[in-house]
Amino acid sequence: MTNIRKGYFRLAMQSLRVSRTRSLMTVLGIVIGVVSVVVIVAIGEGVKQQIGNQSMRYGQGVLIVRPIQPGNVFEGNGLPGGASALLASSDIEVAKRSPDVTSVVPVSAITGNMSGDHTIDNPLVIATTSDLSTVLNQKVEYGGFFTPADGENVVVLGADIAHRLFDDTAPLGRKVMFRGKEFVVAGVFKPFVAAPFSLEANYNQAAFIPYGTAEGLLGAAPQVNQIFVQAKSGVDTAALGKTLEHSFATAHGGTHDTAVMSPGSHSLEKSDRTLGMLTLMTVGMAIIALIVGGVGIMNMMLVSVTERIHEIGLRKAIGATNRQILRQFVTEAFVLCLMGAVVGLVVALGVIGALRIYTSLQPVVVWWVVFAAPAVSLGIGVLFGAIPAIKAARMDPIEALRHE
């Protein structure tokens, strides 16, 4: 039995060598399908993990208060909340009334151009308090975060915006202009880990100024995009979140238009849904590519059967059975799919490695997909290859021998 199987494989390899170019083009369809499935799923899983790990940017016991607005998402260079859905400065006092809260940190986005060595149009400028440094749980690489003792005309920069504003590596003490007011750079954050497609703000692109300064620039208390609430040690944050939501609803006349959440939970849920839909859509396209590859194998096998009608008749005349002819051509289809699956898997792993090294993406190999994608490609190829194989097996040997 082993020798018979080896014979089938030897015949298949000989047949494929004869039509080498056609075989390679047919294999390419399988390669594309396998690479697409493995790489896309790996990218989706990697992005999910990157977004989930962003919750570590906040300190322990931190809750986030945000307005509820349908379709409200982060753009990556802005903060949540549009013009029609923002928190009021009075909401800060509502959060402070809770006995289980140690600090309340408002976060407001202020518009305006910022100038240093270079000018940036409408950067992400965040008005906040000095307690934000403990909430963000992020080290300042140069200088320090501002304190009440530093006065009002200070700014702390994210790593990216610092490089865009100044030619200096560490622009401490340098001055920037924002809304006609001069600010002194007090510190520059170490780079934040910013996940691609994240629903969280990219603080690398942000400039932080004191909340009181924003009031002076605007002539009124700025509207609040979100509020960080630091719970006391040992407090059940889930229970505190429900209590705060009830307090905000009471303050807003019974309207439940404010959400209180643990860091990362809400954004990760939205990201999972979005990425899941995108992954399913792309995997569907990749499966279509595999099916197209299977159709390509069927077409090639049909051409091969047509070209080898005389050979089939000769083999039947010397005693080959229908089953043997069927196995011969199915084996050829299997070998084509096997080559495509192996090459596709190697290319996919290479692409994943290159993405991890040369891009901000960190794809994660999903092993069940690594095994499933080649298996599906083999199944599709053999299924489609069986159609011309059945045609070859059913040929009448006399008619086949007459064919030139």
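The values are calculated or read from the model by the stated rules, or taken from the named source; none is laboratory data. As the structure is a prediction and not an experimental result, all values here were calculated from the model. Heads up, the Cβs are rebuilt from the backbone with ideal geometry, glycines too, and the neighbour counts pull from every protein chain shown.
Here are some notes:
- Number of positions in the stretch 152-165 that are part of a loop (DSSP other than H, G, I, E, B) and either more than 32 Å from the chain's Cα centre (by Cα) or surrounded by fewer than 20 Cβ atoms within 10 Å (Cβ to Cβ) (or both): 2
- Spans of helices (runs of 4 or more DSSP H) in the stretch 1-117 with at least 2 residues surrounded by 15 or more Cβ atoms within 10 Å (Cβ to Cβ), modelled with pLDDT of 80 or more and over 22 Å from the mean Cα position of the chain (by Cα): 20-53, 90-96
- So F178, is it at pLDDT 90 or above, over 25 Å from V47 (Cβ atoms), under 34 Å from the mean Cα position of the chain (by Cα) and of a type in the set (F, W, Y): no
- Residue within the stretch 313-330 that is modelled with pLDDT under 80, at negative phi and within 38 Å of the chain's Cα centre (by Cα) present: no
- In the stretch 335-385, the residues that are polar (S, T, N, Q) and not in a helix (DSSP H, G or I): T359, S360, Q362
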